[in-house]
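This report refers to the structure that appears directly beneath it.
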Amino acid sequence: MATEFDVVKYILDKLGEISAMKLQKLVYYSQAWSLVWDEEELFSADFEAWANGPVLRSLYSEHRGLFKVNSDTFTKGNKENLNEDQVETIDKVLEFYGDKTAQWLSNLTHKESPWKDARGELEPMDSSTEVITKGAMEEYYAAL
């Protein structure tokens with residue numbers, strides 16, 4: 001199975017340097033749409049409902065303190081681990097979301113129930129480690 005780092009390498013090879021927040025959101029939407037279109041997860045790691053939207057702690061650990069990231073930022077991952085269906089899904093995500101700003105993507109996730117439900121009654125800037133379940137993601141995005 002592919003990992004989140006394989007997806008990261010693919011995205012960054014396609015887009016070049018982007019903000020860490022934008023990368024997190026593009027990986028999130030890649031996972032979400034894979035659950036719907038391919039009926040399987042891209043990778044096993046779970047997103048957490050952080051104040052600025054969905055975040056993979058494993059990615060954050062690699063880019064912590066960096067505003068911009070590129071393929072060299074991440075030592076793990078190999079885009080060659082992705083199969084044809086996974087690449088097609090990520091390409092569709094990048095086609096739709098790739099030109100959006102990090103803030104636009106963050107704002108979008110804040111309007112969507114997977115992130116909102118995982119945060120529950122937390123205040124907007126409260127920290128959270130609540131998992132956004134893949135089931136919640138699949139259910140929400142399949143209904144769009």
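Coordinate-derived values only; no laboratory data. In this text, all values refer to a predicted model and were calculated from it rather than measured experimentally. Note: ideal-geometry Cβ built from the backbone for every residue, glycine included; neighbour counts use all protein chains shown.
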### Task
Look at Lys100 and say whether it is surrounded by 14 or more Cβ atoms within 10 Å (Cβ to Cβ), of a type in the set (Lys, Arg) and outside any loop (DSSP other than H, G, I, E, B).
no
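Determine, yes or no, whether Asn81 is over 14 Å from Val27 (Cα atoms), free of Cβ contacts under 8 Å to residues at least 60 places away in the same chain and not aliphatic (A, V, I, L, M).
no
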### Task
Mind telling me which of the residues Glu95, Glu130 ends up being of a type outside the set (Lys, Arg) and closer than 17 Å to Ile11 by Cβ?
Glu95
### Query
Does region 113-125 hold any residues that are in contact with a helix residue (DSSP H, G or I) (Cβ under 8 Å, 6 or more places away or on another chain) and farther than 16 Å from Met21 by Cβ, and which are they?
Ser113, Pro114, Lys116, Asp117, Ala118
### Message
Being exposed (fewer than 15 other Cβ atoms within 10 Å of the Cβ), touching a residue at least 60 places away in the same chain (Cβ under 8 Å) and not aliphatic (A, V, I, L, M) is the requirement here; does Lys22 meet it?
### Response
no
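Filter the helices (runs of 4 or more DSSP H) completely within region 1-65 down to those with at least 3 residues that are hydrophobic (A, V, I, L, M, F, W, C).
Output list reads 4-15, 20-33.
Per-residue answers, yes or no, for (1) touching a strand residue (DSSP E or B) at 6+ places or on another chain (Cβ under 7 Å); (2) surrounded by 14 or more Cβ atoms within 10 Å (Cβ to Cβ); (3) assigned to a loop (DSSP other than H, G, I, E, B); (4) not β-branched (Val, Ile, Thr):
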position: Asp72; (1), (2), (3), (4): no, no, no, yes
position: Thr75; (1), (2), (3), (4): no, no, yes, no
position: Leu94; (1), (2), (3), (4): no, yes, no, yes
position: Leu108; (1), (2), (3), (4): no, yes, no, yes
position: Lys116; (1), (2), (3), (4): no, yes, no, yes
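This table checks each residue for (1) of a type outside the set (D, E, K, R); (2) in contact with a Ser or Thr (Cβ under 8 Å, 6 or more places away or on another chain).
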site	(1), (2)
Glu4	no, yes
Leu23	yes, no
Trp33	yes, yes
Glu39	no, no
Ala49	yes, yes
Asn52	yes, yes
Ser58	yes, no
Asn78	yes, no
### Query
Condition test on Tyr29, is it hydroxyl-bearing (Ser, Thr, Tyr) and either within 13 Å of Lys134 (Cβ to Cβ) or buried (at least 22 other Cβ atoms within 10 Å of the Cβ) (or both)?
yes
